[in-house]
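The values are calculated or read from the model by the stated rules, or taken from the named source; none is laboratory data. Keep in mind that this is a model prediction, so the values were computed, not measured. Note that we place each Cβ from the backbone using ideal geometry, even for glycine, and neighbour counts take in every protein chain shown. Please note that ligands, DNA and RNA were not included when accessible areas were found on the heavy atoms of the full protein model with its side chains. Shrake-Rupley method; radii C 1.70, N 1.55, O 1.52, S 1.80 Å.
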Amino acid sequence: MALHHFPAALQDAVEAVFAIDATFAEIVAGTSEPQVGAIRLAWWREALERLDQSPPPPEPRLEAVAHELLPRGVSGAALAAIEDGYATLLEETPDPDRIARGGAALFEAIARLLGEDDPMLAPAGGVVMLARVRGLVTSDLKPAVLPRFAALKGHRFAKPLRPLTLLARLAARDFLRSRPEAEGTPGRAFAMLSHRLSGIVTGAN
């Protein structure tokens, strides 16, 4: 649903970023051997980094990066930075700050496509990533989320960034709920609309 909030001319490029992020997530969720998962993540990280110097191999997601993202100034290395946020999930004690930095890298890549920047993109991306991986870790991630909520409190993102930062608005909503919420609920739709109008992730009060 979120993809349709982006300008039509950028949707293929944004989808290419999301596809890389989803690939990392699927590797972690689908592995029963942490060492094997780490090797697969490393392969993707190195393949993304090589795109900055070499043509893509015949792999659709890497070809999409080369064709949609590199010409728009999003490097393979920038996308590779997302990987570490997933790599720590394969460790015995995942590092919440590394998870959050992976989310920050995701947001920074998409913000570059939008031609905008904001110092609060890092905590917003961190909230999104921490919310996304809650089901993959046994530790409580709320202590890592709360200071990022505090940093975002009352901050108003510029209109061009709101198709991206509405993901942080939904993540904030998810953290306040005891159970996962299905996509497409009226409450979720209202939260997205509210964010598109206000640009605020968490309230000012």
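Calculate the tail of P(r) for the chain: the fraction of all Cα-Cα distances greater than 27 Å, expressed in %. Write down the numbers at each step before the final one.
Working: 5966 of 20910 pairs.
Result: 29 percent of Cα pairs exceed 27 Å.
What part of the accessible area of the stretch 1-96, given as a whole %, is carbon or sulfur when the probe is 1.4 angstrom?
Numbers: 2630 of 4850 Å².
Carbon and sulfur together cover 54 percent of it.
About its Cα centre, how strong a charge dipole does the chain have in debye, to the nearest 20, once Lys and Arg get +1 and Asp and Glu get -1 at the Cβ? It would help to have the intermediate numbers written out before the result.
On the way: 22 positive and 25 negative charges, 214 e Å.
In debye, rounded to 20, the chain gives about 1020.
Looking at F175, P57, H4, which one has the Cα that reaches farthest to the positive end of the dipole of the chain (charges on Cβ: Lys, Arg +1; Asp, Glu -1)?
Selected residue: F175.
Scan the chain and report its longest stretch carrying no GluC sites (Glu not before Pro) that are both in a DSSP loop and have at most 14 other Cβ atoms within 10 Å.
Working: sites that count: E91, E92, E181, E183.
Between exposed loop sites, the widest span is 1-90.
Compute the distance in nm between two label points, each set 7 Å from the Cα along the Cα-to-Cβ direction, one at I39 and one at A158.
Rounded to a tenth, the inter-label distance reads 4.6 nm.
For the chain, what is the accessible area per residue in Å², given a 1.4 Å probe and the full set of protein chains? Don't jump to the answer; show the numbers that get you there.
Numbers: 10110 Å² over 205 residues.
For the chain, the solvent-accessible area averages 49 Å² per residue.
What relative contact order, as a whole-number percentage, does the stretch 1-127 give when Cα pairs under 8 Å and 6 or more residues apart are counted?
Working: 153 pairs, mean separation 31.5, N = 127.
Computed over the stretch 1-127, the figure is 25 percent.
Put +1 on the Cβ of every Lys and Arg and -1 on every Asp and Glu Cβ in the chain; which of V127, L69, G154 then has its Cα farthest towards the positive end of the dipole?
Among V127, L69, G154, the one farthest towards the positive end of the dipole of the chain is G154.
Which of rounded, prolate or oblate describes the stretch 65-150 when judged by the alpha-carbon gyration tensor and an a/c cut-off of 1.5? Kindly include the intermediate steps, with their values, before the conclusion.
Values: a/c = 3.14, a/b = 1.59, b/c = 1.98.
Since a/c reaches 1.5 but b/c is at least a/b, the shape of the stretch 65-150 is classed as oblate.
L90: net charge of surrounding residues, Cβ under 14 Å, Lys/Arg +1, Asp/Glu -1, itself excluded? Walk me through the intermediate numbers first.
On the way: positive: R40, R45, R98; negative: E26, E33, E83, D84, E91, E92, D95.
Cβ neighbours under 14 Å give a net charge of -4.
Size of the stretch 9-95 along its principal axes in angstrom, Cα-based, largest extent first?
40, 24, 21
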